[in-house]
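> The structure is given below, and queries will be raised subsequently.
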Amino acid sequence: MEQKKWSLQIGGRILEVETGLLAGQANGSVTVRYGDTVVLATAVMSKGASKIQGYFPLMVDFEERYYAAGKIKGSRFIKREGRPSDDAVLTGRVVDRTIRPLFNHRMRNEVQVIVTVLSIDGENDPDVISIIAASTALSISNIPWSGPVAAVRVGKGENDFILNPVNGELAESVLDLIISGTKDKINMLDASAKEVPEEEVAKAFAFGQEAITKIATFIESIAREIGKEKLAPVLLQGSPKFEAKVKEFLLSEGLAEALYDPDRNVVDEKTAAIKDKAAAYIKQNFFTGDDAELAKMNEIAGQILDEVSDEVVHKNILEKELRPDGRKLNEVRKIKCKVGLLPRTHGSALFTRGETQALTVTTLGSPGDEQVIDTMEVDMKKRYIHHYNFPPFSVGEVRPMRGPGRREVGHGALAEKALVPVLPDKETFPYTTLLVSEILSSNGSSSMASTCGSTLSLMDAGVPIKRPVSGIAMGIIVGLDDNFKVLTDIQGLEDHYGDMDFKAAGTEKGITALQMDVKLDGVTLPMLEAVLAQSKENRAEILQKMLAVISEPRKEMSQYAPRIIIMHINPEKIRNVIGTGGKIINEIIDETGVQIDIEDDGSVFITSPDAEAAKKAQEWIDNLTHEVKAGEVFNAKITRIMNFGAFAEILPGQEGLIHISELADRRVEKVEDVVKVGDIIPVKVKEIDNQGRINLSAKAVIKKA
């Protein structure tokens with residue numbers, strides 16, 4: 001392909017797209033530059049059908065490269081980039097969630113999109129650029145796809161929204177919104193916010209949509225100019241007669257009725273039985289003796305079952321407002337909350353909503369327990385961490401227990417950022433806080449159950465959060481003419497057959513976190529406004545039930561939680577506490593059993609479950625760093641004898657001179673006549689000269705006595 005470049009001004013900077021230079025064997029390949037951040041996106045499709053059954057096999061990978069930031073991986077022993085960081089996983093999810101809805105769900109060619117960061121400038125994050133690059137690579141390729149899509153980041157200053165804020169602007173922003181979509185619809189949202197009112201969030205959607213339209217039109221023009229003719233995909237489909245017969249059979253066996261029961265297990269049992277009957281029907285009426293063909297027909301039947309179920313759910317909700325479990329459209333499932341379940345943890349809470357249940361446990365640690373984040377983009381520390389676990393028993397399955405996958409990382413990150421805006425600052429509450437949500441049962445929005453459980457668990461632990469946070473998962477059902485119905489608190493079946501999964505978390509003041517995925521090409525601004533308004537009412541309802549169990553953070557922390565004493569010392573005195581090679585600080589730790597963390601500004605944090613040990617360490621450090629003032633009296637230890645006087649240690653590492661004339665209230669001929677090395681005598685600080693030398697007087701104390 002001939003090398004070409006296109007450019008578009010957006011957000012006060014130039015967005016540059018280049019093709020024909022890199023990765024020529026991919027079906028589609030582009031580099032996109034914004035500022036000095038450059039990403040390469042490639043899209044490749046297999047020629048035949050995948051062996052994977054049951055879903056469209058799309059893989060999206062986001063590859064960090066430390067060289068992009070001029071860095072070498074921090075580990076002394078491993079320098080090759082290995083497992084992707086959580087940030088890389090989250091960026092990959094954002095790209096995936098944007099492009100996936102625009103593929104034919106019956107497509108069975110394997111498609112892989114890989115985004116590799118080649119250069120990063122520290123100002124322009126690669127996430128939004130990666131979505132644009134992936135969209136462009138797919139649009140110019142011969143891979144069948146219904147794009148393009150585009151994305152922008154929206155921040156909010158004191159008065160105005162900011163399009164694609166640089167990192168410095170983002171730090172001051174009350175909103176960090178990534179919004180993606182087609183020229184006229186929005187299909188992905190991911191946001192963290194500092195209690196921004198729903199009305200302002202809706203305005204941010206409209207602000208972002210204008211720029212998305214401009215970028216999507218730009219990508220469309222590139223595709224028209226150099227785009228390849230789209231290939232015919234391998235689709236999972238049978239003959240029209242076969243599909244019509246299978247659909248007719250499924251409905252005759254009561255599939256439409258089987259979907260409607262409050263108990264998920266009953267629905268699963270009924271639909272599984274119908275699926276088994278369909279398999280027997282196909283074998284009896286269509287089997288030709290080819291087992292591979294029979295397996296394919298059964299897979300097609302499974303796809304038809306999904307599509308018929310989707311049609312039934314849509315029709316009943318749009319025409320009758322009839323939900324599968326019988327609830328009203330705006331009705332939240334039954335909620336039960338408990339706190340203080342576990343006797344030895346620092347805080348615990350159980351949040352149950354319908355068949356979804358999350359146990360969230362809080363652990364408080366010292367400032368030194370902060371998580372060190374070392375990625376291509378940033379080196380930083382986190383003092384609030386949320387881990388989310390989704391064991392197989394939560395959905396009644398048997399599968400191996402592995403490390404956290406994309407789901408676990410993504411849901412944990414969403415629950416984490418929902419609570420960050422209400423956490424106390426480090427000066428007020430210096431603890432490192434780790435929350436772990438164990439999903440014990442799942443049927444819809446376990447991430448929002450984790451968010452609600454986090455609020456309860458933090459309050460149970462005595463963490464002084466500013467305001468409680470609640471969360472809800474909303475859905476939408478869209479008709480052919482864009483008429484729609486909003487669903488509150490969607491369960492698993494409505495998530496699967498519905499058109500949108502919209503998660504909203506926040507306080508009574510406003511939104512703290514948002515995440516949205518869709519199953520269709522996108523939703524309109526009026527739809528989003530309606531969902532936001534309804535979610536606000538539902539969050540308030542959930543919050544009321546949470547606060548009925550615990551209305552505010554406990555005044556006292558668990559007896560098993562460590563206590564932290566905060567001290568502030570002169571930064572120049574830090575070396576007095578550390579000692580040569582860490583000798584002094586290690587001595588304090590060994591003697592008292594505490595943990596000590598010292599920051600460059602002179603902040604000292606002493607952590608210990610033993611109050612007496614912490615107090616002892618505090619006094620020790622006080623003595624090491626005490627800045628002596630004239631007039632203070634100490635019990636000093638004589639350390640050296642000189643002809644002209646004696647040196648005495650008044651505090652660890654701090655000596656002063658008692659001149660021979662100040663040793664007694666009489667004339668002293670010889671220093672040894674009054675004191676000897678090792679004696680402990682009371683002294684008063686007479687003065688500190690301009691060179692910092694301390695002059696002491698024993699005579700002044702005697703006279704005073």
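The values are calculated or read from the model by the stated rules, or taken from the named source; none is laboratory data. Small disclaimer: the values here were computed from a predicted structure and weren't measured. Every residue, glycine among them, receives a Cβ derived from its backbone with ideal geometry; neighbour counts consider all protein chains shown.
> Looking only at region 64-85, decide whether some residue is farther than 24 Å from residue 377 by Cα and of a type in the set (S, T, N, Q).
The first filter runs over region 64-85 and keeps only residues farther than 24 Å from residue 377 by Cα, leaving none.
Looking for residues that are farther than 24 Å from residue 377 by Cα and of a type in the set (S, T, N, Q), one finds none in region 64-85, hence no.
> May I pose another question? Any idea which of 236, 231 is out of contact with any helix residue (DSSP H, G or I) (no Cβ under 6 Å at 6 or more places or on another chain) and either of a type outside the set (S, T, N, Q) or under 17 Å from residue 128 (Cβ atoms) (or both)? Give the derivation first.
Numbers: 236 fails: out of contact with any helix residue (DSSP H, G or I) (no Cβ under 6 Å at 6 or more places or on another chain).
Being out of contact with any helix residue (DSSP H, G or I) (no Cβ under 6 Å at 6 or more places or on another chain) and either of a type outside the set (S, T, N, Q) or under 17 Å from residue 128 (Cβ atoms) (or both) holds for just one of 236, 231, which is 231.
> If the requirement is being of a type outside the set (Phe, Trp, Tyr), surrounded by fewer than 18 Cβ atoms within 10 Å (Cβ to Cβ) and closer than 29 Å to residue 381 by Cα, which of these qualifies: 613, 617, 664? Step through it out loud before you land on a result.
Values: 617 fails: surrounded by fewer than 18 Cβ atoms within 10 Å (Cβ to Cβ); 664 fails: closer than 29 Å to residue 381 by Cα.
Just a single option satisfies the conditions, and that option is 613.
> Related question: Can you work out which of the residues in region 394-408 that are buried (at least 16 other Cβ atoms within 10 Å of the Cβ) and either at pLDDT 90 or above or over 18 Å from residue 88 (Cβ atoms) (or both) is nearest to the chain's Cα centre (by Cα)? Can you show your working first?
Going through region 394-408, the residues buried (at least 16 other Cβ atoms within 10 Å of the Cβ) turn out to be 394-395, 404, 408.
Subsequent filtering for residues that are either at pLDDT 90 or above or over 18 Å from residue 88 (Cβ atoms) (or both) retains 394-395, 408.
Details: 394: 22, 395: 23, 408: 10 Å.
Ranking the qualifying residues of region 394-408, first place goes to 408.
> Identify the single condition in (1) under 30 Å from residue 356 (Cα atoms); (2) buried (at least 19 other Cβ atoms within 10 Å of the Cβ) that residue 251 does not satisfy, given that it satisfies every other one.
Among (1) under 30 Å from residue 356 (Cα atoms); (2) buried (at least 19 other Cβ atoms within 10 Å of the Cβ), the lone unmet condition for residue 251 is (2).
> I've got another one for you. Quick one: which strands (runs of 3 or more DSSP E) sit completely within region 322-393 and have at least 3 residues that are at pLDDT below 95?
On the way: elements: 335-339, 347-353, 356-365, 371-374, 379-382, 384-389.
Strands (runs of 3 or more DSSP E) meeting the threshold: 371-374, 379-382.
> Still on this structure: Consider region 252-301. How many of its residues are outside any helix (DSSP H, G or I), out of contact with any Ser or Thr (no Cβ under 9 Å at 6 or more places or on another chain) and closer than 24 Å to residue 322 by Cα?
Total satisfying the criteria: 6.
> So for region 433-448 (the condition being in a strand (DSSP E or B) and either outside the structural domain of residue 533 (by TED's automatic domain parsing) or within 26 Å of residue 303 (Cβ to Cβ) (or both)), does at least one residue qualify?
Step one: filter region 433-448 for residues in a strand (DSSP E or B), giving 433-441.
With the extra rule that they be either outside the structural domain of residue 533 (by TED's automatic domain parsing) or within 26 Å of residue 303 (Cβ to Cβ) (or both), the set shrinks to none.
Scanning region 433-448 turns up no residue that is in a strand (DSSP E or B) and either outside the structural domain of residue 533 (by TED's automatic domain parsing) or within 26 Å of residue 303 (Cβ to Cβ) (or both).
> For region 562-574, check the following and say yes or no: at least one residue is crowded, with 16+ Cβ neighbours inside 10 Å and on the phi > 0 side of the Ramachandran plot.
no
> Residue pairs, Cβ under 6 Å, 6 or more apart or interchain, first in region 330-355 and farther than 26 Å from residue 533 by Cβ, second assigned to a strand (DSSP E or B) and of a type in the set (D, E, K, R). List them.
Close Cβ pairs satisfying both conditions: 350/338; 352/336.
> Hey, residue 672 hits all of (1) in a loop (DSSP other than H, G, I, E, B); (2) more than 58 Å from the chain's Cα centre (by Cα) but one; which does it fall short on?
Result: residue 672 passes all but (1).
> With respect to residue 244, is the statement that it is assigned to a helix (DSSP H, G or I), at pLDDT 95 or above, over 26 Å from residue 282 (Cβ atoms) and outside the structural domain of residue 396 (by TED's automatic domain parsing) true? Step through it out loud before you land on a result.
Values: assigned to a helix (DSSP H, G or I): yes; at pLDDT 95 or above: yes; over 26 Å from residue 282 (Cβ atoms): no; outside the structural domain of residue 396 (by TED's automatic domain parsing): yes.
So residue 244 fails the test.
> Looking for whichever is modelled with pLDDT under 90, closer than 28 Å to residue 431 by Cβ and either not assigned by TED's automatic domain parsing to the domain that holds residue 693 or not in a helix (DSSP H, G or I) (or both) here; the options are 616, 555, 573, 629. Which one fits? Don't jump to the end; show me each part of the working.
On the way: 616 fails: modelled with pLDDT under 90; 555 fails: modelled with pLDDT under 90; 629 fails: closer than 28 Å to residue 431 by Cβ.
None of the others qualify; the one that does is 573.
> Also, quick follow-up: Do any residues in region 12-28 that are under 20 Å from residue 165 (Cα atoms) have Cβ atoms under 9 Å from those of residues that are assigned to a loop (DSSP other than H, G, I, E, B) and not polar (S, T, N, Q), where the two are at least six apart or on different chains, and which pairs are they?
Listed by first residue and then by second, the contacts come to 13/35; 13/166; 14/35.
> Follow-up question, since we're still on this one. Applying the selection to region 681-705, what residues are surrounded by 12 or more Cβ atoms within 10 Å (Cβ to Cβ), free of Cβ contacts under 8 Å to residues at least 60 places away in the same chain and not in a loop (DSSP other than H, G, I, E, B)?
First pass over region 681-705, keeping only residues surrounded by 12 or more Cβ atoms within 10 Å (Cβ to Cβ): 681-688, 694-702.
If we keep only those that are free of Cβ contacts under 8 Å to residues at least 60 places away in the same chain too, we end up with 681-687, 695, 697-700, 702.
Passing the criteria: 681, 682, 683, 684, 685, 686, 687, 695, 697, 699, 700, 702.
> Looking for something within 30 Å of residue 481 (Cα to Cα), in contact with a helix residue (DSSP H, G or I) (Cβ under 6 Å, 6 or more places away or on another chain), surrounded by 18 or more Cβ atoms within 10 Å (Cβ to Cβ) and in contact (Cβ under 8 Å) with a residue 24 or more places away in the chain - is there at least one such residue anywhere in region 531-548? First the steps, then the outcome.
Applying the first criterion (within 30 Å of residue 481 (Cα to Cα)) to region 531-548 yields 531-539.
Restricting the remaining residues to those that are in contact with a helix residue (DSSP H, G or I) (Cβ under 6 Å, 6 or more places away or on another chain) gives 532, 536.
Pick out the ones that are also surrounded by 18 or more Cβ atoms within 10 Å (Cβ to Cβ) and you get 532, 536.
Restricting the remaining residues to those that are in contact (Cβ under 8 Å) with a residue 24 or more places away in the chain gives 532, 536.
Looking for residues that are within 30 Å of residue 481 (Cα to Cα), in contact with a helix residue (DSSP H, G or I) (Cβ under 6 Å, 6 or more places away or on another chain), surrounded by 18 or more Cβ atoms within 10 Å (Cβ to Cβ) and in contact (Cβ under 8 Å) with a residue 24 or more places away in the chain, one finds at least one in region 531-548, hence yes.
> Based on this model, can you work out whether residue 115 counts as modelled with pLDDT of 90 or more, assigned by TED's automatic domain parsing to the domain that holds residue 48, within 20 Å of residue 22 (Cα to Cα) and in contact with a strand residue (DSSP E or B) (Cβ under 6 Å, 6 or more places away or on another chain)?
On the way: modelled with pLDDT of 90 or more: yes; assigned by TED's automatic domain parsing to the domain that holds residue 48: yes; within 20 Å of residue 22 (Cα to Cα): yes; in contact with a strand residue (DSSP E or B) (Cβ under 6 Å, 6 or more places away or on another chain): yes.
Considered against the rule, which asks whether it is modelled with pLDDT of 90 or more, assigned by TED's automatic domain parsing to the domain that holds residue 48, within 20 Å of residue 22 (Cα to Cα) and in contact with a strand residue (DSSP E or B) (Cβ under 6 Å, 6 or more places away or on another chain), residue 115 comes out as yes.
> Can you tell me which residue in region 235-256 is nearest to residue 49 (Cα to Cα), limited to those that are touching a residue at least 12 places away in the same chain (Cβ under 8 Å) and of a type in the set (D, E, K, R)? Spell out how you get there, then give the answer.
First pass over region 235-256, keeping only residues touching a residue at least 12 places away in the same chain (Cβ under 8 Å): 235-238, 242-243, 245-247, 249-251, 253-256.
Remaining after also requiring of a type in the set (D, E, K, R): 243, 245, 247, 253.
Working: 243: 20, 245: 25, 247: 24, 253: 31 Å.
By that ranking, first place goes to 243.
> Enumerate the strands (runs of 3 or more DSSP E) found wholly within region 124-230, keeping only those where 3 or more residues are closer than 26 Å to residue 410 by Cα and at pLDDT 95 or above. So that I can check it myself, show each step before the final result.
Working: elements: 150-156, 161-163, 175-181, 186-196.
In region 124-230, 150-156, 175-181, 186-196 are the strands (runs of 3 or more DSSP E) which contain 3 or more residues that are closer than 26 Å to residue 410 by Cα and at pLDDT 95 or above.
> Mind listing just one residue for me: the one in region 409-429 that is surrounded by fewer than 19 Cβ atoms within 10 Å (Cβ to Cβ) and of a type outside the set (Ser, Thr, Tyr) and, of those, farthest from residue 504 (Cα to Cα)? Walk me through it before giving the result.
Taking region 409-429 and keeping what is surrounded by fewer than 19 Cβ atoms within 10 Å (Cβ to Cβ), we get 420, 423-429.
Pick out the ones that are also of a type outside the set (Ser, Thr, Tyr) and you get 420, 423-427, 429.
Working: 420: 15, 423: 18, 424: 22, 425: 24, 426: 27, 427: 29, 429: 27 Å.
Going through the qualifying residues, I end up with 427.
> So, one more: Given the criterion out of contact with any helix residue (DSSP H, G or I) (no Cβ under 6 Å at 6 or more places or on another chain) and either touching a residue at least 60 places away in the same chain (Cβ under 8 Å) or surrounded by 19 or more Cβ atoms within 10 Å (Cβ to Cβ) (or both), identify the matching residue among 103, 77. Don't jump to the end; show me each part of the working.
On the way: 77 fails: either touching a residue at least 60 places away in the same chain (Cβ under 8 Å) or surrounded by 19 or more Cβ atoms within 10 Å (Cβ to Cβ) (or both).
Residue meeting the stated conditions: 103.
One line per residue, one yes/no per condition, for (1) of a type outside the set (Lys, Arg); (2) buried (at least 16 other Cβ atoms within 10 Å of the Cβ):
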| residue | (1), (2) |
| --- | --- |
| 260 | yes, yes |
| 266 | yes, no |
| 270 | no, yes |
| 273 | yes, no |
| 278 | yes, yes |
| 285 | yes, no |
| 304 | yes, yes |
| 340 | yes, yes |
